[in-house]
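Taking it in order: structure first as C-alpha cells, then the write-up.
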C-alpha cells in the first residue's frame with residue numbers, strides 16, 4: 001500500500017438490534033466489537049471515529065463527536081468532512097479484522113475511483129473507498145451491496161475468506177478469531193451462563 005488512507009468508522013451507540021447474547025448488554029458487545037475494529041484499522045490507516053461515545057477514541061485516532069445519534073448517512077458525512085486524498089468508510093462491526101486484510105483492500109482500491117467490499121453473504125457492504133478526486137457518498141443499510149453496485153462502485157477482489165468480509169449481525173457470526181475486547185465480553189457471557197446452570 002503506497003498511499004496513506006483516512007478511514008471513517010461510524011459507530012451507533014445502541015448496538016445491533018439482532019445481536020442477542022444471554023445475560024450480556026447488547027451495547028457492551030457492540031462497543032467491544034467497534035473498539036476491536038477501530039484498533040485493527042488504526043494499524044494501517046488514519047482513523048476517524050464518528051460516535052456519541054467519547055470512550056471509543058483510541059491512541060492515534062480522531063473522534064468526531066456527535067451530540068446525538070442520527071442516521072449513518074449523517075455520521076459518514078461528518079466523518080468525511082474536510083478529508084481529502086484517499087479515504088474510506090469502514091463499518092465498525094468487524095471484530096476479527098486483520099489489519100493486513102484491510103491494507104490489501106486499500107491497495108486494490110488505489111486503482112479505482114470508487115470501490116466497495118461486500119460482506120460474506122453478499123448482501124451488505126463492509127467497506128467503501130474513494131481515491132483522490134472522487135466524491136464518496138455511500139449508501140449503507142439493508143441490501144446496501146446492490147445499491148453500491150448500481151451507483152457505480154467497483155467490487156474490490158477481496159477473497160471470501162478475508163476478515164474484512166466477516167461482519168457481525170447475529171450471535172452466530174461471532175466465530176473464529178476475534179479481537180481481545182470482543183473475546184473478553186464473550187468470555188464473561190459464557191462464565192455467567194455456566195454459573196447460572198451450575199448445581
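No value in this document is a laboratory result; all are computed from the given coordinates. Predicted model only: the values in this text are computed from it and were never measured. Here the Cβ is made from the backbone with ideal geometry for all residues, glycine too, and neighbour counts use every protein chain on show.
With the Cα gyration tensor of the range 66-172 giving a ≥ b ≥ c as the square roots of its eigenvalues, does the rule (a/c under 1.5 for rounded; else a/b larger than b/c for prolate; else oblate) give rounded, prolate or oblate? Rounded, because the longest to shortest axis ratio a/c is under 1.5.
With the simple model of a label 7 Å out from the Cα in the direction of the Cβ, residue 52 to residue 70 spans 1.3 nm.
With a cut-off of 8 Å between alpha carbons and a minimum separation of six or more residues, what is the relative contact order of the range 6-194 in percent?
Answer for the range 6-194 is 26 percent.
The label-point distance for residue 184 and residue 132, in a model that sets each label 7 Å from Cα toward Cβ, rounds to 3.9 nm.
In Å, the Kirkwood hydrodynamic radius of the range 6-194 over pairs of distinct alpha carbons?
On the way: mean 1/r = 0.0606 Å⁻¹.
In the range 6-194 this quantity evaluates to 16.5 Å.
Modelled label positions at residue 160 and residue 177, each set 7 Å beyond Cα in the direction of Cβ, lie 2.0 nm from each other.
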